[in-house]
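The values are calculated or read from the model by the stated rules, or taken from the named source; none is laboratory data. None of the values given here were measured: they were computed from a predicted structure. Cβ placement follows ideal geometry from the backbone for every residue including glycine, while neighbour counts extend to all protein chains displayed.
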């Protein structure tokens, strides 16, 4: 190993689970807010395109934050970046509770997305302390924690939100989310060890633009980044309009939407806890990624024909299962392929691609929804089709790269 190699902390079997448990606290706060956002925006009398803009603002911030925080965590370590970014998220939740109009709320969401664009730091930590063959399993546990947050969070938000009171009716859920983020910061300070202290001067560290060109042109990472964009475009387009779609089609409010999100979160959490890791280790990350994309496409197009709450829940759960089977494998395949010195940066670039998709997806869905009620679901299903081929192509490349490494010179 060269003298510029990462200096890793002594691996502990509890290192990744400990971080996931702590991050769950912050994910719970996120779960409180997301289902309420359409109603929060409507409390300012915002039209559909401005509601989509509120969703997109967070992703615009994350687009810039993900590669930036990931690159800094490669250089200075994961723990200080987690502390600073989650602190920023805490303050943004608090500020959102006092936003006087939709444009100030948009700006706060933009800053919140920038602060919360730390997914690459979390994934980098997990990759630091986990053997390559076990990363899909640990990353699926992270996804399970996220989805448990979406189980409990919406019910809390539904209980404490009062949409009829206007913007002030959302202050209590926002205070709770801010408090949970503060608790998460405290837990990281006290309980989480630094996973990876990098050498401060790495002479071959490329510029941000060079890294982007390198990643996009890579035969594996480039395909996975395109897949990430298409999936993010489709899924967030559905997510951002789901509240309005269900209200227009079934006259549902926050409580009914909270119930759907709760069932969806249970399905995703169970899949990621008990299924994803085992299947990925047995059949390979690429194959499970392709299967998950196919399941998502089927569920999305079938939602057009839903007529009752049980049918909506069943199809949303199938979507969640497909995403849960697939998604952890993307970060696992990238972490196995990327230069260890730049793992955080490359994961950040992939997450930034997802963030860009979350900007464009809700905006396009917001334009389509007033014209075709089921349009976001049809658009989502269409976007899934090329991802199946991308997953299989990336899988073949990974298998060939592994065979090449194992073959003696």
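Whether any residue in segment 333-344 is buried (at least 24 other Cβ atoms within 10 Å of the Cβ) and within 16 Å of residue 59 (Cβ to Cβ) is what I want to check.
no
Taking into account only those residues within segment 157-166 that are part of a helix (DSSP H, G or I) and surrounded by 20 or more Cβ atoms within 10 Å (Cβ to Cβ), which is modelled with the lowest pLDDT?
158
Examine segment 107-124 for a residue that is over 20 Å from the mean Cα position of the chain (by Cα) and part of a helix (DSSP H, G or I), and state whether such a residue exists.
yes
Among the residues of segment 9-36, write down those that are out of contact with any helix residue (DSSP H, G or I) (no Cβ under 6 Å at 6 or more places or on another chain) and under 13 Å from residue 240 (Cβ atoms).
The one that is out of contact with any helix residue (DSSP H, G or I) (no Cβ under 6 Å at 6 or more places or on another chain) and under 13 Å from residue 240 (Cβ atoms): 34.
Is there a residue in segment 86-94 that is more than 18 Å from residue 167 (Cα to Cα) and free of Cβ contacts under 8 Å to residues at least 60 places away in the same chain?
Checked segment 86-94: at least one residue is more than 18 Å from residue 167 (Cα to Cα) and free of Cβ contacts under 8 Å to residues at least 60 places away in the same chain.
Name the one entry in 323, 336, 303 that is part of a helix (DSSP H, G or I), in contact (Cβ under 8 Å) with a residue 60 or more places away in the chain and more than 29 Å from residue 37 (Cβ to Cβ).
Just one listed residue meets the conditions, 336.
Taking the stated definitions as given, is residue 71 crowded, with 18+ Cβ neighbours inside 10 Å, touching a strand residue (DSSP E or B) at 6+ places or on another chain (Cβ under 8 Å) and at pLDDT 85 or above?
no
Look at residue 100 and say whether it is within 24 Å of residue 349 (Cβ to Cβ) and out of contact with any strand residue (DSSP E or B) (no Cβ under 6 Å at 6 or more places or on another chain). If you could, list the steps in order and put the result at the bottom.
Details: within 24 Å of residue 349 (Cβ to Cβ): no; out of contact with any strand residue (DSSP E or B) (no Cβ under 6 Å at 6 or more places or on another chain): yes.
No, not satisfied.
Any residue at all in segment 279-300 that's modelled with pLDDT of 95 or more, surrounded by fewer than 18 Cβ atoms within 10 Å (Cβ to Cβ) and closer than 30 Å to residue 163 by Cβ?
Checking segment 279-300: not a single residue is modelled with pLDDT of 95 or more, surrounded by fewer than 18 Cβ atoms within 10 Å (Cβ to Cβ) and closer than 30 Å to residue 163 by Cβ.
Check off (1) at pLDDT below 85; (2) outside any helix (DSSP H, G or I); (3) in contact with a helix residue (DSSP H, G or I) (Cβ under 8 Å, 6 or more places away or on another chain) for residue 201 and give me the number that stays unchecked.
(3)
Yes/no matrix, rows are residues, columns are (1) within 13 Å of the chain's Cα centre (by Cα); (2) closer than 20 Å to residue 232 by Cβ; (3) part of a helix (DSSP H, G or I); (4) free of Cβ contacts under 8 Å to residues at least 60 places away in the same chain:
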| site | (1), (2), (3), (4) |
| --- | --- |
| 55 | no, yes, yes, no |
| 99 | no, no, no, no |
| 148 | no, no, yes, no |
| 155 | no, no, yes, no |
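Only one of these conditions is not met by residue 372: (1) more than 24 Å from residue 137 (Cβ to Cβ); (2) assigned to a helix (DSSP H, G or I); (3) out of contact with any helix residue (DSSP H, G or I) (no Cβ under 6 Å at 6 or more places or on another chain). Which number is it?
Of everything listed in (1) more than 24 Å from residue 137 (Cβ to Cβ); (2) assigned to a helix (DSSP H, G or I); (3) out of contact with any helix residue (DSSP H, G or I) (no Cβ under 6 Å at 6 or more places or on another chain), residue 372 misses just condition (2).
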